[in-house]
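K.L.:
Before I ask anything, let me first share the structure, which is written out below as structure tokens.
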Amino acid sequence: MKILNTKNKARLAIFAVVLFIFFLVSYFDFDVKIKTRTESNVEKLTQSDYLQKEVLPENGVELPVVWGDIGKKLTDSGVIDSKKFEGLYNKRGGLDDEEKSLLYAENNGKIIITKENSGFILNIFWALGLSNKNSVLEKGPMMNPEYGGAENFASTGGWTIANGNIMNHYSAHSFVVLTKEQQELVERVSKNIYRPCCGNSTYFPDCNHGMAMLGLLELMASQGVSEQDMYKIALQVNSFWFPGTYLTIAKYFGMRNVEWKDINPKEVLGEIYSSGQGYKRILQELEPEKIQGGGGCSA
């Protein structure tokens, strides 16, 4: 058997030490690169400018429904008193041509919601949800006797720009007629969509945002929008109605290395994230984005 002499043993030991040092340097360099890439990705996903573009697209979002003459029907029927409505907006610079078309014309196409017109879109869908005949309004939580009558909610009593008593218009007009299957779809989806201004789902539309979302769901169901797309659009619309809230929620996901485009809309719209209680939980970990607009329950 060949025995290593002292010189060979020393050389072997030095080689082993060098090899070990090389391994350590390579390992920690690789580990640092991985951590740096992860931290860089998280930083990108939580940057305000990046989130603004992802959550609130600059060019807005096209809703997959044709508005047609619904605005005209709302004004002709008195659900919207045009003088009161325009008077409200005259204080804010007046309605532009596109908004007037949505309110008075008969051949409107699809609506594009933007940061600039989100309040107007909220109000016309509020009027639709409040006045369109639907069992959600007639048999749902709004009619629970313990609340003292459907007229006592923000979504009803707060609509002060109708012609006459608003309750004369409550679930009184057949602007959007649904089949049995479409109605079931609206009810199913409405129970899974919450709003950060309170703890209720759209199935209990006691504020303007809930009532407006109900109107949007009815219109989408009537025009064949799939359940999956209904959640997708509902999240995009909610984001324009509550911009600060959803920028914060997007930041929350970004810190967990999840891009906004990869989230499940139904999950985010649920009680865990989109209810008032759920959002407060998120705020325990994050500071809300500083942004104007959204959140108020009024016209």
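Quick note: the coordinates plus some simple rules give every number you see, no bench work behind them. Since we're looking at a predicted model, the values are computed, not measured. Don't worry about glycine lacking a Cβ; one is built from the backbone with ideal geometry, like all the others, and counts go over all protein chains shown.
K.L.:
Output the pairs from Lys180/Lys266; Lys53/Lys266; Lys53/Lys139 with a Cα-Cα distance over 32 Å in this structure; if there are none, say none.
P.N.:
With Cα atoms farther than 32 Å apart: Lys53/Lys139.
K.L.:
Along Cα→Cβ, 7 Å out, is where each label goes; now give me the distance between the ones at Asp69 and Asn165 in nm to one decimal.
P.N.:
3.0
K.L.:
Obtain the nm distance between the two label points defined at Tyr104 and Glu86 by a simple spin-label model: each point lies 7 Å from its Cα along the Cα-to-C-beta direction.
P.N.:
Computed distance between label sites Tyr104 and Glu86 equals 0.5 nm.
K.L.:
Can you compute the modelled spin-label distance between Glu58 and Lys191, with each label point 7 Å from Cα toward Cβ, in nm?
P.N.:
Inter-label distance under the simple model: 4.3 nm.
K.L.:
Need the full-extension length gain, Glu151 to Gln223, defined as separation in residues times 0.36 nm minus the C-alpha distance. One decimal, nm.
P.N.:
23.0 nm
K.L.:
Also, quick follow-up: May I ask for the Rg/Rh ratio of the stretch 141-299, computed from Cα atoms with Rh as the Kirkwood radius, given to two decimals?
P.N.:
Expressed as Rg/Rh, it is 0.99.
K.L.:
Compute the whole-percent fraction of alpha carbon pairs in the stretch 137-187 spaced more than 17 Å apart.
P.N.:
Tail of the P(r) past 17 Å holds 46 percent of the pairs.
K.L.:
Further, regarding this structure: Size of the dipole of the stretch 112-194 about the Cα centre, Lys and Arg at +1 and Asp and Glu at -1 on the beta carbon, nothing else charged, in debye to 20?
P.N.:
I would put it at about 120 debye.
K.L.:
Right, next: Cα atoms only: what Rg and Dmax, in Å, come out for the stretch 112-214?
P.N.:
When restricted to the Cα atoms of the stretch 112-214, Rg and Dmax are 13.1, 39 Å.
K.L.:
Per 0.36 nm of contour for each residue apart, how much would the distance between Thr179 and Lys139 grow if the chain were fully extended, relative to their Cα-Cα spacing?
P.N.:
Extending this stretch completely gives an extra 12.7 nm.
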